[in-house]
Every structure is written in structure tokens, then in C-alpha cells.
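Below you'll find the structure, written out as C-alpha cells, and then a few comments.
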Amino acid sequence: MSRSLLPIALRAGKRHALIVGGGSVALRKARALLAGGFDVLVVAADIGAALRALAASAPVTLRERPYEPADVNGAALVVAATGDESVDGRVVADARAAGVLVCDASAPERGDFAMLATSRLGDMTLALESGGASPSFSRRMLSEIESHFGEPYARAAHTLARIRKEIRTRLPRHERIALMRRLSSLPIDELAAFSQRRSLLCATRSSALATTQARTIAALVAQRGVSTQLLDVTTAGDRDQRRALHELGEVNVFVKELEFALRERRADYAVHSCKDLPSVLAEGMRIAAISAREDARDAFCSERYESFASLPPGAKVGTSSPRRRVQLHALRSDLRYENLRGNVDTRLRKLREGEYDAIVLAMAGLARLRSRAKHTVPFSLDEIVPAAGQGALAVEVRVEDELLAYELRAAANDPAAERCIVCERALLRALNAGCSAPVGAHAETTPHGLRLRAAYALDGEILHEHLEAPVTTLAQAESLGAELGQRLIARIPAGATG
């Protein structure tokens, strides 16, 4: 009856293996041990030419003399391969006495282990063991397995090995396990191709700010050895520069066309200002990463007046955001608030040309473009609560692109900013509000977790709420946003409209 064997993978470290014997069997064993990382010592009264040739190019030491019991000392493994049963028997006995595992090539059942027929495909090792009964048939079976599980499987294994190493210190254990299970189930061709992917296409609006934002993400991705080309896309919000956004009759006016580019596979990923995203993404889309956040505050901009408070009554203030307008009106009802469309440069030009006494822009956009008005003064968060997501960038991909989502997340995601954005977007969903709704939401990290503040305009009145809670996970962040949303809903009078 054959004995059961325990297949294991043994790390050589800096140890050596002893082979007693100098013929063809010893040659095969030496090659296998070398492939496993061992240095090899060969002891035999007669050493063949093939082993001599191997020793000329590999860490193999030859001692052409009869075997001595002391040869086993210091060896990690011993292989008896003389073909002489009495000599091999002595080698086995000496190794056992020294506490060293031994393989008897001529009588496998007498040794401690059998050396499996192996093949290496990149990071993978394929092994087959027949208990020494039919080594030639084992080799045939291994060759047939190799012909099926070839180079694509090696590249797929390399991709997964790299990811597993990267996430070891970045993700909690349960998240690592879940991610690796999802990735391991992907098609082999997809895993294999990804290990060699060196270029991506990013869909972006063509404005200076959008291009700068896309290049910010592309630069982070490039640090992982993957380049990005930009695909300019014109959105509904870009085509109509006259009407206020809430008057366009569409939702997601800066997002839909970029998502079309993803669906049609004209682009691999898209970069958005987080504040432009709807509270619920379109079907088939996912956010792969949230960037580190720029200054999320809104800013007073003027060429003539030093501050919002210094504006004279009746001064003309430009903004196209209902959220900004209602909060500004609550601060100064004596000013005229008029629509202002166009990209950041266009708005600043109109300000310089005197079309407005002041305008309100996001500090983040000004910082990214390194632009400002003569007088640029941020509003405090107590004065104006920013839009949900303002100051952060979202990287969007197709839901099925698990590997790409991982790569982009590893390159660009900021965990602290992500928790804040998830919290703010959960508030929007609770209120069933879109990106152009008159809702302000801003979460910030505190020593105790997250503090979320919100401003919700209803029939000219602004409801203010804030809530702070311990938050270390995305689930907790989402729960905090939903809870504050419910508090606001409870305060809404019957029949009120936003």
C-alpha cells in the first residue's frame, strides 16, 4: 500500500542540499533543487560529464570521492541517488540520525519525501507526484497540463500576486479577502492582459479646469507605470452657456456624455468634479477613486470691492447655483443676484470687464487653475455650506472593470476625502436631491470622527443642521450622512418645496 504524501512548498533560504550520486538521476535532482533556490553539493566516486557542465554555470559544488557520513551535516535536504541499494540505505540512515529529511531516489518508500515533477510558469509552480511509480508518465501529464495552462495563466498569477502584496498593509483583512476573491474569478485573458497594460484613455470635458483635473489623476496613475491619453467630450452643460443649470431641463448635464464614452468603450475612465455627480450613479457605473480634496469653500471674487460685506446695496453678484444664491441672499438680501455661466476663465473675464460687481466661485477651481480675482476671499463654512463633493475629484469606471477600478483606486484614492464625500452623498440621497439642488453639505475630519453640516433651502427658508460621530469606515460615513438627512426631512413642513 502506498503511503500518503504531504505536498508542500519549501523555501530554500541560504541552505544547501546534498546529492549522493553522480549519474543521470542525480542530474535531474540537482536541476530541480537549483530551480527551487538551493545550492547543491554533489558527492560521488564518479561524477558524470553533464553534472560537471551544470557545475560550471550554477551553484553546484562537486566532491569526487566516496560518500562519508559527515557529508549530511549542515544539509537542509539529502538525496540518495547512487542506484546502489546498500549505499543509498546508508545515506538514508545517516540523514535520519542527523535529523535531516532524505529522499531515496531508488526506493521512494524508504525516504521521507518524494521530489515532484515540476514546471514553472512565471510566479506559478505546477507539480505532479506519482509516488515514484511512473516518473515518465508524470512528466507526460505535466507537459499536457503546461500546454493548457500556459503563459496567460502565468501573467494572470503575476497580476494577482502584485495586487495581493500591495493591499496587505492597506486594507483590513476581510476587505482583502473579498477583493482577491472577486479578482481571482475574472477571466484569465483579462487578468493576463492587465499585467501588460501600459496606456489608458480618460474621458474629460475640454475646459481648462476639467483638463487640469483629468491630468491630476493621470499624473497619479502614471506613477504606477501607466500612461493616460485624454478624450475631450462636450457635455450638455458646455453647449448651453446662457441658461442657469437648473433651467436646462436635464440632470447630470456635465456627466452623461462622459458616461456614454465609457459605455461605448471609447474611454477607460472618466474624471468629474464630485459636486457634478448625481446622488445615485447611472446603472453600470461605479466610482473607483476619490482624490485628495482641495479647499472646498466658496469664494467671493471682485475687482473693485474688498469683501462681500463691502458691496453697496444693489450691487450685481453673479452665480448660477441655486444653493449659493439662497445662502448669499440670506446673508445680504439687498444685493442683485444674476445668472453667470461659463468656465472659470470666462467668469473671471466677465468680472474684469465690469459685467458684475462680484461673482462667487469655488476655491478649489481657482487653486487648480492658479487663478484669482484682485479680491478673492473665501466664505466661512458657517456663512455658506459648499456643495456636496466640492473640492474633490471622482474617477468613474464601468462596474465590470474590477481590475481597472483597483488600479485607479490604488493610484488616486484618498481614504479621508473618500469618507467625507461618501458621507455628503449619502445626505443627498436621503433628501432625494441632485447635484443642482439647493443643498449644501460638507463633512470634515475631526479628532473624534466626522462632522457633517448641511444647509437645505425650502420656500426661501434655509434649514441648518450638523452632526458629529465616530467614523472610521465608509459604512459609518454613509450612516452619518443618512442620519442627518433624516433629521432634515423631519423638519420639512408639509407642502414645502425646495
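Here are the numbers for the structure shown:
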item	result
Subset of the range 77-113 [open to solvent by 30 Å² or more (accessible area, probe 1.4 Å) and in contact with a Leu (Cβ under 7 Å, 6 or more places away or on another chain)]	101, 112, 113
Condition broken by residue 74, with the remaining ones in (1) open to solvent by 80 Å² or more (accessible area, probe 1.4 Å); (2) more than 15 Å from residue 103 (Cα to Cα); (3) touching a strand residue (DSSP E or B) at 6+ places or on another chain (Cβ under 8 Å); (4) not hydrophobic (A, V, I, L, M, F, W, C) satisfied	(1)
Strands (runs of 3 or more DSSP E) enclosed by the range 344-457 - at least 1 residues per element that are surrounded by 20 or more Cβ atoms within 10 Å (Cβ to Cβ) and touching a His at 6+ places or on another chain (Cβ under 8 Å)	393-398
Within the range 190-222, considering residues that are polar (S, T, N, Q) and under 16 Å from residue 404 (Cβ atoms), the one modelled with the highest pLDDT	199
Within the range 19-100, strands (runs of 3 or more DSSP E) holding 3 or more residues that are within 23 Å of residue 114 (Cβ to Cβ) and not acidic (Asp, Glu)	39-44, 77-80
Residue tally, condition surrounded by 22 or more Cβ atoms within 10 Å (Cβ to Cβ) and under 17 Å from the mean Cα position of the chain (by Cα), over the range 267-306	8
Positions within the range 1-27 being open to solvent by 90 Å² or more (accessible area, probe 1.4 Å) and either of a type in the set (A, V, I, L, M, F, W, C) or at pLDDT below 90 (or both), in sequence order	1, 2, 3, 4, 6, 7, 8, 9, 11, 14
Pick from the range 307-343, criterion open to solvent by less than 40 Å² (accessible area, probe 1.4 Å) and basic (Lys, Arg), ranking: farthest from residue 369 (Cα to Cα)	332
Extreme residue, farthest from the chain's Cα centre (by Cα), among residues of the range 215-232 that are closer than 17 Å to residue 258 by Cβ and among the polar types (S, T, N, Q)	229
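The values are calculated or read from the model by the stated rules, or taken from the named source; none is laboratory data. Because the structure is predicted, anything quoted here is derived from the model rather than measured. When we count neighbours, we look across all protein chains shown, and the Cβ atoms used for this are built from the backbone with ideal geometry, even at glycine. What goes into the accessible areas is simple: the full protein's heavy atoms, side chains included, and nothing from ligands, DNA or RNA. Shrake-Rupley method; radii C 1.70, N 1.55, O 1.52, S 1.80 Å.
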